[in-house]
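Report on the structure given below.
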Amino acid sequence: MTWRRFRSDELPQVNPATVFLLLLAVLGVAWAAGLLRLHNEGGRLAVRVFRADRVLLTVDFRDTWLLLGFVLLMGWAVAIAVERSAWVPDTEGRLVPALAIASVLGWIFAIARASRLAYAAMSGLAVVGSLALLAPSPLTSGGTMPAIRTWLLALPNRTNTLLLLSLLLMFVATGLWTSWWVFLRRNGLVALLPTGTILAVEIINDTSPGLTLLTLIWLTAAAAVLLRLNFVALKEGWRTRHLPRAADTGWTFGEVGIEATAAILVIAFLVLPPLSSNDISAALIPGTMNPDAIHPFGIGANSSQPGTIGSIGYSEVVRPGSQLKAKSQTVMVVTGDTPVFYPYWRGIALAGWDGISWYELPGSQALPVRQQPLLAARATVPRDDLPTDSQRIEVLHNTFHVVVPPEQTLSTVFSAGEILSVDSQPTNVRGIMTSVPAPPGQTPTLVNVAGDSAPIATFDTVDRLRFTKRLQPPYNYSVTEAVPKVDVQDLQRAGTDYPAWLAPYTTLYENGRVAQGYSTDRDAEITQLAQSIVRAAGATTPYDQAKAIESWFLAKGRFTYTLRPPPATFGVRPLDYFLFASRKGFCQDFSTAMNVMLRTLGIPSRQLSGFGEGIFDEKTHQYTVNALDAHSWVEVFFPGYGWIPFEPTPDGINAPVNRPATRADLNVPLPAGAAATPGANNYKEPRGGEPVDAGNTPFPDIWRQLLIAGGALILLLLVALLLAVRWLVSVRDVPRIWRRLLFLGDRLRVPRHLGDTPHEFGGRLAASMPALDTEVRRLATLYTRASFRRGGLNQDELAEARKAWSQIRGSYAGLVARAWRDALRRGRVVRANDIVSAAEVVGSESHGPSRPR
């Protein structure tokens, strides 16, 4: 016999579901064989070992089921709120199960009366099991040991995965904490601390409308937990002192508490002013990361993992494969000329691509990226990348009124086109400059420094301008900018005589820089795809090829625009997943794909990040630019004309620039008022499903508000219906049944008189519904006995009352509906002379003898 050592990747895979089923099978066999016996008495389940006849485990279910429901509802509201905010990638569908599993396991540990040490030990196993079941790791897909080991080694460099694991751990710990304090320690205030804290932080940092409903659900469930725990404590005291209690005490106690809670919540939501929407987390927690400063296409410039989630806003890093959440905020208001041929407010041009994200080109001896540290206000930007023919330039003047802190826009100078000068504020300029040779061994990055005797050097192209001073919001600045004014024929004849400095814009990976952990094998497929597109379109010039690729992305039904595209699977490059699998994304996915395709064809292009034009007000002739207008698009270089924008994003709002076909069409004068009123080129960035601010648009979006109000109304009606069904079905004792009959009599307009006996009122009520005459009269007799006979009803009489009530209950809803319908036809529900005072009602329900008449 020979022994063979199994490799770690040949070990059998363990399925958690299989282990669970095997455990259930073992317990079933033990119970069938008589080794285990179950005994339930008064809500306490005892598990006994048959042969030793000793109690192995005692589980106390009393007064826990309703509490468990409230705890799960409370945790669900908090988990859904955090999932919808999407602060961490891939949280959707994970936080709710994590908290629910932890809460249920904690409930089981608590009702089993586990000691603190046992609860801690079992909680540790619950944490490990929950993370293994819900965390995105090879364990969830039955991965082999080498895959798990590789995943663990790479984990320290995966920021988003670490954030997700931390969030899952927090919610599992929250569920265990809540169950411990609710079911074992019976301390509701301490139990609410974790979920309340998480929800408070959520309210501070997320102002989306849906959070209000989730907050209301949490507050209602939390109040119900406190009420229920208080009542359970009362019941324990009654049990200890052997005091009897009425059967409907619990419902009455909860009914009063729920009514008081609902009144308080309504007053709070309608009267109290709303919380501030400003993020104050940094003031509360030192070192907190401000979500507004996180760029929308990935968390942090140093994060190596795609698929991140951030708030929509301006960014200088573009990373495809991520997800966005809409967060509305006015950024700036722009007045001045209308940029007909450049419908964006450009911020930065990115040229470096490493397969995962776009970045600013670094300076080196081979790549002469330079920076002018100080350009005085109103000074002309030294550049020579503008069209040589002055008739091909449209000079615009715009004033920007920025209302957000400069950190939120990274102190960027925005413009429509190439900036010629910036008034009133000094700036620094960054771009490529080949006119200044680099000395051996050095990389001079600063040029045109004040006091330098060297002649002024010019930039071959400018990537960005920033303010050199820290400005206090709100602040104003004005720019003079140049937009290429060219027609289609000129761009088709531009040729391919590209200057040498354009080399970084025609290669995919500058200096071989490729993101680690991702393969570039599918670049060949992207090249073939680009070639097939231009070949099918018959495009031969760079302009026609760029338009062909642009049109291919815009073709209806080919791609889907969404702010929440599905994330790429582990190890797959997001660009490849977008192009060949999901075909779902938003602006940075489409612009990245077009840029890469153009470069595979040898066409110089770059990635632009900035804002769409925003909302134009015809009365004030100004654009209101929102954070939701943040956008990413493509620029292509044409010799003699400069950088020309292209729009490949099929969002239904942004659209390509429609240039005149010939020079004659280009020189046709615009109709009166066209320069001030944007026409077909008045584009704005998609709102990501969020409503547009009604104050910034001439047609306020009321449909969303109507849908929200309608949904809330339907929800309230469903809750009311459920409460009505419970009110009708849950009664089991005769006094409550009689109260339902009194309510029915009022609806049927059966008169009640002062001093009526149950027999007298029952007779009139029975006469109003002959089909139920026997049942109503019998209930009147039984109610009289229950009220005045010592000892009340016996079991046979109580069963008889319940049987009669079940007959009436089947027709109850129909009788009430018919009464209301008839009353509405008459214009009133109940006649005034049919309503008696509260004293009369109490008199008819009194348990004492009736007054003599």
Problem - Every residue from segment 168-209 that is charged (D, E, K, R) and either modelled with pLDDT of 80 or more or part of a loop (DSSP other than H, G, I, E, B) (or both) - result: ARG185, ARG186, ASP206
Fill in the blank from the handout: Among strands (runs of 3 or more DSSP E) completely within segment 546-638, the ones holding 1 or more residues that are open to solvent by 10 Å² or more (accessible area, probe 1.4 Å) are 615-617, 622-626, 630-638
Handout entry: Close pairs (6 angstrom Cβ cut-off, 6 or more residues apart or separate chains): at positive phi in segment 315-334, assigned to a strand (DSSP E or B) anywhere
Key = none
Practice task
Could you please find all residues in segment 576-612 being at negative phi, within 26 Å of the chain's Cα centre (by Cα) and among the charged types (D, E, K, R)?
Solution key: ASP576, LYS584, ASP589
Practice task
Go through segment 482-517 and count every residue that is over 25 Å from LEU666 (Cα atoms), β-branched (Val, Ile, Thr) and buried (at least 18 other Cβ atoms within 10 Å of the Cβ).
Solution key: 0
Exercise for the section: Examine segment 655-669 for a residue that is buried (at least 16 other Cβ atoms within 10 Å of the Cβ) and touching a Cys at 6+ places or on another chain (Cβ under 9 Å), and state whether such a residue exists. Expected result: no
Exercise for the section: Given the conditions (1) closer than 23 Å to GLY355 by Cα; (2) acidic (Asp, Glu); (3) modelled with pLDDT of 90 or more, report the number of the one that ASP544 does not fulfil. Expected result: (1)
Handout entry: Pick from segment 787-799, criterion among the charged types (D, E, K, R) and in a helix (DSSP H, G or I), ranking: most open to solvent (accessible area, probe 1.4 Å)
Key = ASP796
Practice task
Considering every residue within segment 558-578, establish whether at least one is over 27 Å from THR161 (Cβ atoms), of a type in the set (S, T, N, Q) and free of Cβ contacts under 8 Å to residues at least 12 places away in the same chain.
Solution key: no
Practice task
Please name all residue pairs, on different chains or six or more residues apart, with Cβ atoms under 9 Å, provided the first residue is in segment 694-721 and is over 30 Å from VAL816 (Cα atoms) and of a type in the set (Gly, Ala, Ser) and the second residue is modelled with pLDDT under 60 and not in a helix (DSSP H, G or I).
Solution key: ALA694/PRO700; ALA694/ASP701
Completion exercise
Filtering segment 805-827 down to residues that are open to solvent by 60 Å² or more (accessible area, probe 1.4 Å) and either under 46 Å from the mean Cα position of the chain (by Cα) or among the β-branched types (Val, Ile, Thr) (or both) yields ARG809, GLY810, ALA813, ARG818, TRP820, ARG821, LEU824
Exercise for the section: Taking the options GLY355, GLY313, name whichever one is touching a helix residue (DSSP H, G or I) at 6+ places or on another chain (Cβ under 7 Å), within 30 Å of THR562 (Cβ to Cβ), of a type outside the set (D, E, K, R) and open to solvent by less than 30 Å² (accessible area, probe 1.4 Å). Expected result: GLY313
Fill in the blank from the handout: Matching residues in segment 90-136 (among the polar types (S, T, N, Q), assigned to a helix (DSSP H, G or I) and surrounded by fewer than 21 Cβ atoms within 10 Å (Cβ to Cβ)) number 0
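Need at least 2 residues that are under 24 Å from TYR314 (Cα atoms) and over 40 Å from the mean Cα position of the chain (by Cα) per element, so show me which strands (runs of 3 or more DSSP E) inside segment 363-439 make the cut, counting only ones lying wholly within it.
By residue number, 369-375, 418-423.
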Exercise for the section: Kindly check whether there is at least one residue in segment 414-421 that is surrounded by fewer than 21 Cβ atoms within 10 Å (Cβ to Cβ) and either touching a residue at least 60 places away in the same chain (Cβ under 8 Å) or not charged (D, E, K, R) (or both). Expected result: yes
Completion exercise
Out of (1) open to solvent by less than 40 Å² (accessible area, probe 1.4 Å); (2) within 15 Å of SER315 (Cα to Cα); (3) out of contact with any strand residue (DSSP E or B) (no Cβ under 6 Å at 6 or more places or on another chain), the one LEU350 does not meet is (3)
Handout entry: Output for segment 453-469, where each listed residue is farther than 19 Å from ALA377 by Cβ and either in contact with a Leu (Cβ under 7 Å, 6 or more places away or on another chain) or open to solvent by 60 Å² or more (accessible area, probe 1.4 Å) (or both)
Key = SER453, PRO455
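The values are calculated or read from the model by the stated rules, or taken from the named source; none is laboratory data. Note that the structure is a prediction, hence the values are computed from the model and not measured. Neighbour counts are summed over all protein chains in view; Cβ atoms, including those assigned to glycine, are modelled from backbone coordinates with ideal geometry. For the accessible areas, the whole protein counts, side chains as well, though only heavy atoms, and no ligand, DNA or RNA atoms are used. Shrake-Rupley method; radii C 1.70, N 1.55, O 1.52, S 1.80 Å.
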